[in-house]
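Student: Questions regarding the structure given below will be posed in turn.
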Amino acid sequence: MCLGIPGQVVAMTDVEQYLAKVAVNGVQRVISVRLLADQSVEPGDWVLVHVGFAMSKIDEREAQLTLDQVRKMGADYVNEIDAFNSSEIV
Amino acid sequence: MKFVDEFRDPAAARALVKSITRLAADDEFKFMEVCGGHTHTIYRHGLEHILPPGIELVHGPGCPVCVIPMGRVDDAMWLAEQPDIIFTTFGDMMRVPGSKGSLLDAKARGADVRFVYSPLDALKVALDNPTKHVVFFAVGFETTAPSSAVTLVRAKQLGVQNFSMFCNHVTIIPPIRAILESPDLRLSGFLGPGHVSTVIGTRPYRFVPQVYRKPLVVAGFEPLDILATVHMLLQQIRDGRCEVENQYGRVVREEGNLQALKLLAETMELRPHFEWRGLGFISQSALKINDAYADFDAEERFSMPGIRVADPKACQCGEVLKGVLKPWECKVFGTACTPETPIGTCMVSPEGACAAYYNFGRMHREAANMIGETAGV
Ligand code: SF4
């Protein structure tokens, strides 16, 4: 459960509530970017996503590294992606 | 050099291992990786067999699912079985055994237990089910606690009446201190947790070199990160330095995430003490929802049994969590205790040392032994 998976910000969906649509492995879900409220988060940015929250901004190279790494985890990665898919934050 | 070929950059891995072997010479080192994510990477990639034999990696207490004491699981089950309750939790917590089974068993007995990806999803369940009370089973270190904090702020803002959290958030520094104080282990240094440090930064670890004279290097999660971190630790020791360094600078900043820390301070406070599985009571090691958010504190809203339950006799998770025992040395490992039928918590989460070793480590060990035999070493 302590995994962080890289996601790319697609759009800010609710600026006041710090909600953003993020794509993880082709799946788009809404997450909270409130923990990055003192940084600017824009579409195209990569973030590390943990339990529906962007934990930190990362660069694209780091995102790719982490994605490769997470993919190698096999079942646990699938579980994490499934969990992400099940999310209904609006 | 076994297994190195599966690395992203085998050449870099080879060079690192060579340099590590030279630095280690014939001395013995014991480094503790605090974080379960690191334990997972180490077993997943057979790193213990890649490193020279004098370097031992011992697993620490940094898996939040593993350190939950039985009594707290029993309280969670009690809550889940109250009338008109929807009990929500991260998937990993579903199978953690309490003294009367797990939350999955409670679900099978008819309790409305639902798995959620995020505490915000739990809040959504509350909004969608106004006639029920929704409890979220909050667990996790500083990595996860800020998400609960944001959810509390949001719940208050929305004036939600039917939502509370059973807060079991823990903090990483006190167990590190407890391990340093315990006479069981003679450690040479620490691989510091990566994601916890994105929140707390690297400064809170300074007491490790300053008071206990042990180096600590915050590490990333790639196998190469682990090798690089071991290298940095050895280099410090050989240089006669002892400090906090950051190998994971591409994600972790020295000051941490100030916004997350601010939200934590706004919604939670330190508990005077908290019980950890295997480590006993540690003072100021866990977070409680503060008075301003007491309406959302399940412990305030419900009179839970709160009974302390001793671990089952066969269970040696405590020793595994302190790094005193290797998973395979537990008497029930792989026989009575497996990921399908866990007796202890370390077998539940993929970041638990026993589960990681059961799923991956064994294969590497067998392969390493075979290679060793055929090579005649
Ligand atoms: S094998 Fe099971 S009981 Fe033994 S330490 Fe591991 S998780 Fe605990």
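Student: One residue is enough: does segment B:25-33 have a residue meeting the conditions within 12 Å of another protein chain (Cβ to nearest Cβ), within 24 Å of the chain's Cα centre (by Cα) and buried (at least 23 other Cβ atoms within 10 Å of the Cβ)?
Tutor: No, segment B:25-33 has no match at all.
Student: May I pose another question? Going through segment B:76-101 one residue at a time, which ones are among the hydroxyl-bearing types (Ser, Thr, Tyr) and open to solvent by less than 10 Å² (accessible area, probe 1.4 Å)?
Tutor: Within segment B:76-101, B:THR88, B:THR89 meet the criteria.
Student: Further, regarding this structure: Keeping to segment B:207-230, report how many residues are more than 14 Å from chain A (Cβ to nearest Cβ), outside any helix (DSSP H, G or I) and more than 18 Å from B:ARG186 (Cβ to Cβ).
Tutor: Qualifying residue count, segment B:207-230: 1.
Yes/no per residue for (1) of a type in the set (Lys, Arg); (2) within 16 Å of the ligand (Cβ to nearest atom):
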position: B:ALA294; (1), (2): no, no
position: B:CYS317; (1), (2): no, yes
position: B:GLY323; (1), (2): no, yes
position: B:LYS331; (1), (2): yes, yes
position: B:CYS346; (1), (2): no, yes
position: B:GLY352; (1), (2): no, yes
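Student: Go through (1) away from the ligand (no atom under 12 Å from the Cβ); (2) open to solvent by less than 80 Å² (accessible area, probe 1.4 Å) one by one and return the number of the condition B:PRO272 breaks.
Tutor: (2)
Student: Filter the strands (runs of 3 or more DSSP E) completely within chain A down to those with at least 3 residues that are more than 7 Å from chain B (Cβ to nearest Cβ).
Tutor: In chain A, A:5-14, A:19-24, A:27-32, A:46-50 are the strands (runs of 3 or more DSSP E) which contain 3 or more residues that are more than 7 Å from chain B (Cβ to nearest Cβ).
Student: Check B:GLU48 against each of (1) assigned to a helix (DSSP H, G or I); (2) in contact (Cβ under 8 Å) with a residue 40 or more places away in the chain; (3) open to solvent by less than 10 Å² (accessible area, probe 1.4 Å); (4) in contact with a strand residue (DSSP E or B) (Cβ under 9 Å, 6 or more places away or on another chain) and name the one condition it does not meet.
Tutor: For B:GLU48, the exception is condition (3).
Student: Further, regarding this structure: Can you list the helices (runs of 4 or more DSSP H) lying wholly within segment B:282-356 that have 2 or more residues being in contact with a Lys or Arg (Cβ under 7 Å, 6 or more places away or on another chain), open to solvent by less than 20 Å² (accessible area, probe 1.4 Å) and away from chain A (no Cβ under 14 Å)?
Tutor: Answer list for segment B:282-356: B:317-321.
Student: Tally up the residues in segment B:238-253 that are at pLDDT below 95 and open to solvent by 60 Å² or more (accessible area, probe 1.4 Å), please.
Tutor: The total comes to 2.
Student: Return the residue satisfying two criteria in turn: it lies in segment B:144-179 and is hydroxyl-bearing (Ser, Thr, Tyr) and open to solvent by less than 10 Å² (accessible area, probe 1.4 Å), and of such residues it is farthest from B:GLY192 (Cα to Cα).
Tutor: Taking the candidates together, the pick is B:SER164.
Student: In segment B:240-255, which residues are more than 14 Å from chain A (Cβ to nearest Cβ) and either outside any loop (DSSP other than H, G, I, E, B) or touching a Gly at 6+ places or on another chain (Cβ under 7 Å) (or both)?
Tutor: B:VAL244, B:GLU245
Student: Okay, next question. Of the residues that make up segment A:50-64, is at least one at pLDDT 75 or above and on the phi > 0 side of the Ramachandran plot?
Tutor: Looking for residues that are at pLDDT 75 or above and on the phi > 0 side of the Ramachandran plot, one finds at least one in segment A:50-64, hence yes.
The values are calculated or read from the model by the stated rules, or taken from the named source; none is laboratory data. All figures in this text were calculated on a predicted structure; none of them were measured in a lab. With ideal geometry, Cβ positions are generated from the backbone for all residues, glycine too; neighbour counts draw on all protein chains shown. Only protein heavy atoms, including side chains, enter the accessible area calculation; ligands, DNA and RNA are left aside. Shrake-Rupley method; radii C 1.70, N 1.55, O 1.52, S 1.80 Å.
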